[in-house]
Amino acid sequence: MRPDRLGDEWFQQALRVSAPPSALPPALPAGDPRWSLVLGAIAGGLGAFLFAWIVGGSRALVHGELLAIAVLMGAAMGAIFGRITRRLLRVVPRMVVGACLASAAWLVAYAFVMPRFEPHVACALPIGTSIVAALVYGVCLGALPPIGVRGERGRRV
């Protein structure tokens, strides 16, 4: 092949223009922060009600003020959990994370907090039943997926 012919073909090729790369990475889907708080609080309240019913049976339902306190505390913990896990969109991973976090938090409370401040309550609650109830609470927390899923490109939320 002649060298001058190769140069002609080289300069006659059409110029290909590629799109510039994006400066930002693709947006990650996440749930709406407010809905995550609200649904987490609802799931936490329901989970705390089930926790009290599993551990105490029908006796827990008789003491309305203690049950209300438990439901409010469960709702507060559920709101925090919902806000933290709003980027977990699939239900099964949310349920697994909820069960692990709830049972670990209950074990810490049962082993370290309750014996120090309320030893008679720690002696009265069976550990096996209360851990199962904590697992149910965690599954309730993770059962509601986030609502209002959107991309969060460039947002600090």
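Points to keep in mind about this one:
- Distant-in-sequence amide H partners of LEU144 (H built 1.01 Å from N, under 5 Å): none
- Hz values of 3J(HN,Hα) by residue in region 96-111 - Karplus curve (6.51, -1.76, 1.60), Gly and Pro given as x: 5, 5, x, 5, 5, 5, 5, 5, 5, 5, 5, 5, 5, 5, 5, 8
- Inter-probe distance in nm under a simple model that places probes 7 Å from Cα toward Cβ, at CYS100 and MET73: 2.5
- Going from the residue with the fewest nearby Cβ atoms within 10 Å to the one with the most, LEU89, LEU141 rank LEU89, LEU141.
- Counting every other Cβ atom within 10 Å of each residue's Cβ, VAL38, VAL121, VAL17 order from fewest to most as VAL17, VAL121, VAL38.
- Given charges at Cβ of Lys, Arg, Asp, Glu: region 31-145 dipole, positive-most of GLY142, MET77, LEU107: GLY142
- Exposure proxy ranking, count of Cβ atoms within 10 Å, fewest first, for LEU88, LEU28: LEU28, LEU88
Read-outs: derived from the displayed coordinates by stated rules, not from any lab. Remember, predicted model here, so these are calculated numbers, not experimental data. Quick reminder, even Gly has a Cβ in these numbers, built from the backbone with ideal geometry, and neighbours come from all protein chains shown.
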